[in-house]
1. Note down the net charge around residue 211, summing +1 for each Lys or Arg and -1 for each Asp or Glu among other residues with Cβ under 15 Å from its Cβ.
2. Applying 1/(1 + (r/R0)^6) with R0 = 30 Å to the Cβ-Cβ distance of residue 86 and residue 262, what FRET efficiency is obtained, to the nearest 0.05?
3. In degrees, nearest 10, range 0 to 90: what is the angle between the Cα axis of helix 142-153 and the longest Cα principal axis of the chain?
4. My understanding is that a pair violates if its Cα-Cα distance is over 24 Å; which of 176/254; 118/249; 60/183; 67/300; 118/183; 50/161 do that in this structure?
5. Please report Rg over Rh for the stretch 3-333, where both radii come from the alpha carbon positions and Rh follows the Kirkwood definition.
6. Kindly write out, for the stretch 117-127 in residue order, the coupling ³J(HN,Hα) from the Karplus curve 6.51 cos²θ - 1.76 cosθ + 1.60 (θ = phi - 60°), rounded to whole Hz, with x marking Gly and Pro.
7. Show which lysines lie in cross-link reach of residue 265 when reach means a straight Cα distance below 16 angstrom and same-chain residues fewer than eight apart are skipped.
8. Would you mind checking which residues have amide H under 5 Å from residue 283's amide H? H placed 1.01 Å from N; only 5 or more apart, or other chain.
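Each reported figure results from applying straightforward, stated rules to the coordinates on display, with no laboratory input. A quick note: this is a predicted structure, and the numbers were derived from the prediction, not measured. A quick note on method: Cβ atoms are made from the backbone with ideal geometry, for glycine too, and the neighbour counts reach across all protein chains shown.
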Amino acid sequence: MTLISYFQAASVPALALALMGSGFAYAQTPSGPEATPAELVDALNSVFGKHPGYRAVHAKGVVLEGKFIPSPTAAAITKAAHLQATSVPVTVRFSNFAGIPTLADNNGLASPHGLAIKFDLPDGTHTDIIAHSFNGFPSATVTDFRDLLVALAASGPDAAKPTALDAYLGKHPVAKAFLTAAKPAPESYATLPYYGVNTFKFTNAKGDVTYARYQLIPTAGSHSLTDAQAAAADGNYLYQEIIKRVIQKPAEFKLLAQIANDGDKIDDPSVAWPDSRTLVELGTLEISHAVSDSNAAQAKLLFMPNALLPGIEVGDSMLNPRSAAYPISYSHRTR
Ligand code: HEM
């Protein structure tokens, strides 16, 4: 089975068109056991093509602003400044998954959608949360992720069967589950839950340590389009909808920390923890207005998964090598 048929099995026929136009020509082979940050960005470009001025992945997005209001319960697990009593201004970017800036919002490659948040603290420091609308990741490590991307890029419509992707997915059932999971088009960027996927180490004022993963749950509830509604939707419907929505009323999310139980895989973001885990409410994200020039704003913004404040540290071994790829994509898109 090719990637296209995997996505078709998940009712996303538009993927074929998107991938055919996305530049399989950059396909390459892995150059060493450990993926370097530059290789990760090259591998993303090999799947989606190079689009100067845009992110290597999550290329299409929209920038808005608002505030974050911490909950009193946050202090139980962390002393981090943005999660204490006072509200903090935030800049957020919603995005579509693929590294294709012209991708229609109703294309299957738009999912998982992204939500990136920058907390702007009064002392001029900032910290970021970057989440997507799927509770999991196709790969346990950055090197596995690089190998998946390389296999994807080598498995276009003309590739001999079995393709490199067939071989990869045969050995990595978690990647197959990620690719084939149903990801229906959302009604709105504000009607999707988002998951931080990686693990962070939280420390409170007493020095107690908790390992947890972020979840952002929409106050408006989770709502998807039917396949017929998605097919009839405008290619920019998500962009248009969120801008209109926040004029009426802020788009709201509860930020939660899902706490690891003993025995949960802290170091493997490809394995979601059970829903039965304790959730601690960290606060409310209130997105109240779009910025005046979203394209200019998104070009300047760089969100970093490991931009953290005291009280929160990297909790799994993917976070730092993942984060090293982001400034490389930023340097490509700003040169
Ligand atoms: C091996 C792991 C990963 C690699 C190598 C990687 C790489 C990248 C790169 C290169 C960018 C573009 C950065 C820029 O130009 O500013 C990006 C953006 C993004 N990634 Fe990842 N990523 C990884 C894992 C994840 C995970 C686990 C999530 C979800 C939890 C995620 C969600 C996003 C989102 C939402 C954006 C867009 C951020 C924005 O709006 O600027 N990524 N990623």
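1. Numbers: positive: 201, 213, 265, 277; negative: 208, 262, 264, 267, 268, 313, 316.
Once all neighbours under 15 Å are counted, the net charge is -3.
2. Values: r = 34 Å, r/R0 = 1.14.
Result of the calculation: an efficiency of 0.30.
3. Roughly 40 degrees, rounded to the nearest 10.
4. Details: 176/254 30 Å; 118/249 21 Å; 60/183 18 Å; 67/300 20 Å; 118/183 26 Å; 50/161 26 Å.
Over 24 Å apart, Cα to Cα: 176/254; 118/183; 50/161.
5. Details: Rg = 19.2 Å, Rh = 20.2 Å.
Looking at the stretch 3-333, the ratio lands at 0.95.
6. Listing the rounded values in order: 10, 10, 8, 9, 7, x, 7, x, 7, 8, 9 Hz.
7. Output for residue 265: 201.
8. 71, 255
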